[in-house]
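First comes the structure, then the notes that go with it.
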Amino acid sequence: MLHDRITSVTYTPADLAIVIPSHSQIECLSRCLRLLEEHGHPSTQVIVVDDGSQDESVARLTQAFDKHLKVKILTQPNSGQMAAWITGCAKANGDVVALLDSDDLWNSNYLEKMAAIYEASPSLDYVYCNMQKFGASEGLALNRKRHRKSRDLGLSILMGAFIQRWQGVATSGNTLKRSLLNQILQLPKEQVAEWKSRPDDCLFYGSDILGAHKYYLAE
């Protein structure tokens with residue numbers, strides 16, 4: 001099994017690396033980065049992967065964050081979200097990776113809450129939460145009845161095998177141990193090239209296959 005048996009680990013938001021893929025969404029991304037500057041831990045690593053944007057994303061981001069030691073701006077030809085995750089995670093230093101889409105936002109205490117869960121249960125490999133839709137569509141992303149309580153899901157290989165249901169949420173509600181994410185992303189180049197959308201599925205089912213210890217936060 002992937003999960004370790006560490007008994008004393010202190011996690012802070014500084015132990016999280018944030019990976020943000022972006023494709024021609026400079027305005028959304030700028031808003032997202034401003035929020036992280038306001039509420040993120042000063043030592044939290046932020047990695048932006050520009051996926052072949054056709055706007056001024058790279059130039060504007062480089063100008064704004066060129067001297068920011070904790071923000072890395074990476075570029076790649078347009079290859080899709082899965083490829084962007086692989087590019088970003090290769091440069092991540094944090095023990096836990098928090099994934100964020102460039103058109104999403106986190107509540108100001110999101111990183112602290114995720115860090116606290118990992119600290120309370122060091123054997124966890126994967127923590128995800130509910131999400132609140134905003135803009136054109138509103139409401140909770142996950143069914144309120146089924147997902148109303150936070151809970152330890154245990155070793156997901158068992159739930160994946162016998163219940164066979166989705167155990168995750170859209171990109172921006174997922175955090176994973178970097179060791180787990182790196183194993184999930186060890187995919188053939190041909191598969192990465194074809195997987196331009198819905199790579200979240202790879203997170204859910206890949207982590208189940210690998211026997212990850214999951215936790216759901218009902219917020």
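Brief remarks follow.
- Too-long pairs where the Cα-Cα distance tops 20 Å, listed order kept, from Lys70/Lys91; Lys113/Lys149; Lys67/Lys196: Lys67/Lys196
- Measuring nothing but alpha carbons in the stretch 120-219 and taking Rh as the Kirkwood radius, the Rg to Rh ratio lands at 0.98.
- Solvent-accessible surface of protein heavy atoms, probed at 1.4 angstrom with all chains present, puts Phe162, Phe134, Phe204 in the order Phe162, Phe134, Phe204, largest first.
- Computed E for Ala136/Lys113 - FRET, C-beta separation, R0 25 angstrom, nearest 0.05: 0.40
- Alpha-carbon gyration tensor eigenvalues x 5, square-rooted, for the chain, Å: 26, 19, 18
- Computed FRET value (nearest 0.05) for Ala193 with Glu37, which takes r as the C-beta separation and R₀ as 35 Å: 0.55
- Calculated [222 nm] ellipticity per residue, helices only, for the chain: -9500 deg cm²/dmol; basis is -39500 (n - 2.57) per DSSP H run with n ≥ 4, divided by all residues, nearest 500.
The values are calculated or read from the model by the stated rules, or taken from the named source; none is laboratory data. What you see is a predicted model; the values in this text were computed from it and never measured. A quick note on method: Cβ atoms are made from the backbone with ideal geometry, for glycine too, and the neighbour counts reach across all protein chains shown. Ligands, DNA and RNA are excluded from the accessible area calculation, which covers all protein heavy atoms including side chains. Shrake-Rupley method; radii C 1.70, N 1.55, O 1.52, S 1.80 Å.
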